[in-house]
């Protein structure tokens, strides 16, 4: 009986010790000539030589590389249970564009080229577009759609939760004018740097897409407009509207839907 108790104790402890490895890396960006902080979550099975699909998670305005781990501490357990690598880069207030006004803000190049290349070289990732998804909240929702639509050869699936998918109704907010210039002086840039105007380059079936927003979110109308535009163009996607506001409580729950959506995509 004593030996059985010892065995069970060791077994339970071994389960508790099994966990994803969380690291904060400094990834060099040649295009910006600087290091960018990136949080990575790698499943425990990587030590056995296993390789995994990757979800790139983008934070919102005023956030940073650590925002998603703080918002959803369970990401480590989720990465293990679902068999996923999760990558959370710092995007500052870039909106994940290559800014035409600021050469130090080339986050589209960093996310869709430099970071993906780094991950595939240094982490146990599956290096195919069918095994990559990108997702984000608020500014990061815009960034995820922006990068996925413009780099369909890199990402196979995309998610946006409470995304700022049309920036033009908010010309004085969130430092967007710092990256694009004032709207009234740079209308062409604003029109060409908003997600809803990228749909001309997207055909049905090229991306697996999930978009959601809370009923009481100030971005709900622009998300409704994006959904309608996708419907009019007959581009398949999932659109969910649920109770909630533009806040952490909503995103804490919504990211579960996105991870499940991507997990199903990866196992097709």
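Quick note: the coordinates plus some simple rules give every number you see, no bench work behind them. Just so it is clear, the model here is predicted, and its values are computed rather than measured. Glycine gets a Cβ as well: all are built from the backbone with ideal geometry, and neighbour counts include every protein chain shown.
So if R0 is 30 Å, what FRET efficiency would residue 168 and residue 267 give, r being the distance between their Cβ atoms, rounded to the nearest 0.05?
0.20
In percent, what relative contact order does the range 58-115 have, based on Cα pairs under 8 Å that are 6 or more apart in sequence?
Computed over the range 58-115, the figure is 32 percent.
If each residue of separation counts as 0.36 nm, what is the full-extension length gain between residue 182 and residue 260 once their alpha-carbon separation is subtracted?
Length gained between residue 182 and residue 260: 24.2 nm.
Between residue 81 and residue 104, 0.36 nm times their residue separation minus their Cα-Cα distance comes to what?
4.5 nm
Rounded to whole Å and sorted largest first, what semi-axes of the equivalent ellipsoid does the C-alpha gyration tensor of the chain yield via the square root of 5 times each eigenvalue?
34, 20, 17
Grab the beta carbon distance between residue 64 and residue 228, set R0 = 35 Å, and tell me the FRET efficiency rounded to 0.05.
So the FRET efficiency works out to roughly 0.55.
What does the helix-only formula give at 222 nm for the chain: each DSSP H stretch with n ≥ 4 adding -39500 (n - 2.57), the total divided by the residues, and the result rounded to the nearest 500 deg cm²/dmol?
Helices in the chain give a 222 nm mean residue ellipticity of -10000 deg cm²/dmol.
Between residue 249 and residue 129, what is the label-point separation in nm under the 7 Å Cα-to-beta-carbon projection?
Using points 7 Å along Cα→Cβ, the separation is 4.0 nm.
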